[in-house]
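To start, the structure itself, in structure tokens.
The values are calculated or read from the model by the stated rules, or taken from the named source; none is laboratory data. Not measured: the values here are computed from a predicted model. All Cβ positions, glycine included, derive from the backbone under ideal geometry; neighbour counts span all protein chains shown.
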Amino acid sequence: MRIVVSEYMCNLSAVRRITKESLRTYPDITPGRGPADYVLAWGDPVHKCKYGVIETGFFWDAMHIDTVGLYSSCSLNSAFGIKSILQYKSPRPARDVIFGCKFPESKYKQVSNKVSWDGVVLPLQNPTDRSIHRGSSTEDYYDFVKMACKKYGKNLFLKLHPWNKGDVERRFTEYANENGCTIGRCDHSVLEKCKFAIAYNSTFVVDCLIRNVPVAQYATGYFWQVPGVYYTSYEFPDHVCFNEDLAQKTCDFLVWRYCFNQGMSIDKWVGMIRHFAASKEIFPMTEEYSYG
């Protein structure tokens, strides 16, 4: 079987083990383009052969390979995906894995600032992120933040994303000041007493689920249909229905059946890619290669 890996992925500085150089010792796996039996694509696949789509998230150093697509069309949001999440029994709770490891407890490192908040929390995203552009635009996202500020007023805390700097931060700050909201950089302490969190389609949803914090998703994207997430269908709720058991089911599935650690050895990378290429399952991830 000839396997082609996206050259873009092999050039990513974040992917420490899998590079064009390291794959040269494995003749069945080639970075680049050309005829193949299986393609590991970055972004939407444009290949007629069997493929997997790879992306970063949702934990520190985590990545995932989806057999269907990305964002709103990913396998997690399918009827089979929801059923698989609900039926899965993990060997160890995801909370124990995430909070018991030496890595940061989130996809991004958090600042050390502590905030206690009993209102609504909105984790801000990078407005130009691919996840936003998948179904809307940068201006749509700014409108979402502006409307959220008007809706929740002084009860809203805007949690700045690590990449929110310069004009982006200034614009968000203007929205907050105009409506009496609070904005700042802080760690996950802001979630401990909050009423609920609302995200556009941010993977910060996982940070909420793993901490048993009620979370709403405003737009389609990753997690808009998964158990434990309250999808608002582009509306701003006053309350969010939440089930801790369902939230932990989703987290367990992500840790053991969906995500893996990009820092694993090149031999493990190759073994996992070969396994995905040969598998006929929608969720080929095994415990051996998983983030758990």
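Summary of values
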read-out: Of the criteria (1) surrounded by 14 or more Cβ atoms within 10 Å (Cβ to Cβ); (2) part of a loop (DSSP other than H, G, I, E, B); (3) of a type in the set (Gly, Ala, Ser), which one Ser112 fails; value: (1)
read-out: Verdict on Thr203 being of a type in the set (Val, Ile, Thr) and either within 17 Å of the chain's Cα centre (by Cα) or farther than 20 Å from Ile82 by Cα (or both); value: yes
read-out: Selection count, the stretch 173-187, where residues are outside any helix (DSSP H, G or I) and in contact with a strand residue (DSSP E or B) (Cβ under 6 Å, 6 or more places away or on another chain); value: 3
read-out: Selection count where residues are under 19 Å from His161 (Cβ atoms) and without any contact (Cβ under 8 Å) to a residue 24 or more places away in the chain, scope the stretch 214-249; value: 1
read-out: Among (1) touching a Leu at 6+ places or on another chain (Cβ under 8 Å); (2) assigned to a loop (DSSP other than H, G, I, E, B); (3) at pLDDT 95 or above; (4) crowded, with 21+ Cβ neighbours inside 10 Å - the single one Gln225 does not satisfy; value: (4)
read-out: Residue within the stretch 134-156 that is without any contact (Cβ under 8 Å) to a residue 60 or more places away in the chain, acidic (Asp, Glu) and either in contact with a strand residue (DSSP E or B) (Cβ under 8 Å, 6 or more places away or on another chain) or part of a loop (DSSP other than H, G, I, E, B) (or both) present; value: no
read-out: Hits in the stretch 21-45 (condition: part of a strand (DSSP E or B) and either without any contact (Cβ under 8 Å) to a residue 12 or more places away in the chain or out of contact with any Ser or Thr (no Cβ under 7 Å at 6 or more places or on another chain) (or both)); value: Ile29, Thr30, Pro31, Tyr38, Val39
read-out: Output for the stretch 1-20, where each listed residue is assigned to a helix (DSSP H, G or I) and out of contact with any Cys (no Cβ under 9 Å at 6 or more places or on another chain); value: Glu7, Tyr8, Met9, Cys10
read-out: Flag if Asp96 is modelled with pLDDT of 95 or more and either outside any loop (DSSP other than H, G, I, E, B) or of a type in the set (D, E, K, R) (or both); value: yes
read-out: So Lys89, is it out of contact with any Lys or Arg (no Cβ under 8 Å at 6 or more places or on another chain), buried (at least 18 other Cβ atoms within 10 Å of the Cβ) and at pLDDT 90 or above; value: no
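Table: residues versus (1) small (Gly, Ala, Ser); (2) part of a helix (DSSP H, G or I); (3) touching a strand residue (DSSP E or B) at 6+ places or on another chain (Cβ under 7 Å); (4) surrounded by fewer than 24 Cβ atoms within 10 Å (Cβ to Cβ).
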residue: Val168; (1), (2), (3), (4): no, yes, no, yes
residue: Arg171; (1), (2), (3), (4): no, yes, no, yes
residue: Ser189; (1), (2), (3), (4): yes, yes, no, yes
residue: Ala197; (1), (2), (3), (4): yes, no, yes, no
residue: Val205; (1), (2), (3), (4): no, yes, yes, no
residue: Cys208; (1), (2), (3), (4): no, yes, yes, no
